[in-house]
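Peer 1: Attaching a single structure in structure tokens format; questions to follow.
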Amino acid sequence: MYRGECHFLYQQNKIGFCWTPLQSVAEAFASGLNAIESGGVLLKAYAPTPAILSAPNKHSSDQMGEFEYTCDPNLLENIKTVQFFKKIES
């Protein structure tokens with residue numbers, strides 16, 4: 001699973017709940033919305049079954065194409081940094 005996270009939250013070990021199996025979707029968040037304040041970070045992790053709180057709903061899958069899984073970040077395994085993105089200057 002992948003997540004595009006804010007760099008400052010990642011540094012504070014405050015990793016969010018929304019993850020996707022699509023690296024391109026997570027990259028879009030890491031380099032866009034989540035890069036505004038401090039830059040973004042693309043994360044990759046293994047989500048064992050107990051970590052998955054809910055699977056993608058119809059809106060997330062059909063309309064948004066994000067295939068968003070809600071996961072308990074405390075139960076994810078092997079969280080790794082794939083890439084850092086620069087802060088977006090306004």
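Peer 1: Over the chain, what relative contact order in percent results from Cα pairs under 8 Å that are six or more residues apart?
Peer 2: Contact order relative to length: 35 percent.
Peer 1: Take the Cα pairs of the stretch 38-90, get the Kirkwood Rh, then feed it into Stokes-Einstein at 4 °C and 1.567 mPa s and tell me D in µm²/s.
Peer 2: 101
Peer 1: Can you tell me which of 49, 70, 20 moves the most in a GNM of the chain? Springs connect C-alpha atoms under 10 Å apart.
Peer 2: Its mean-square fluctuation being the largest, the pick is 49.
Peer 1: Calculate, axis by axis, the spread of Cα positions in the stretch 2-85 along the three principal axes, and write the results as whole Å, longest axis first.
Peer 2: Here the Cα extents, ordered largest to smallest, are 31, 28, 16 Å.
Peer 1: Sticking with this structure for a sec: Under a 10 Å cutoff between Cα atoms, tell me which one of 39, 65, 16 has the largest fluctuation in the Gaussian network model of the chain.
Peer 2: 65
Peer 1: Testing the spin-label approximation: label points 7 Å from Cα along Cα→Cβ at residue 38 and residue 57. State their distance in nm.
Peer 2: Calculated label separation equals 3.0 nm.
Peer 1: Taking a cut-off of 20 Å between Cα atoms, list the aspartates and glutamates near residue 87, but don't count ones fewer than 8 places away on the same chain.
Peer 2: Once the sequence-local aspartates and glutamates are set aside, what remains near residue 87 is 5, 27, 37.
Peer 1: Which of 9, 53, 42 comes first, and how do the rest follow, when ranked by fewest Cβ neighbours within 10 Å?
Peer 2: 53, 9, 42
Peer 1: With a 10 Å cut-off between alpha carbons and a GNM built on the chain, which of 35, 55, 26 moves the most?
Peer 2: Evaluated over the chain, the most mobile residue of the options is 55.
Peer 1: Taking the beta-carbon count within 10 Å as an exposure proxy, list 25, 82, 41 from fewest neighbours to most.
Peer 2: Fewest to most other Cβ atoms nearby, the residues stand as 82, 25, 41.
Laboratory data are not the source of any read-out in this text; all were calculated from the coordinates shown. Not measured: the values here are computed from a predicted model. Positions of Cβ are backbone-derived with ideal geometry, glycine not excepted, and every protein chain shown enters the neighbour counts.
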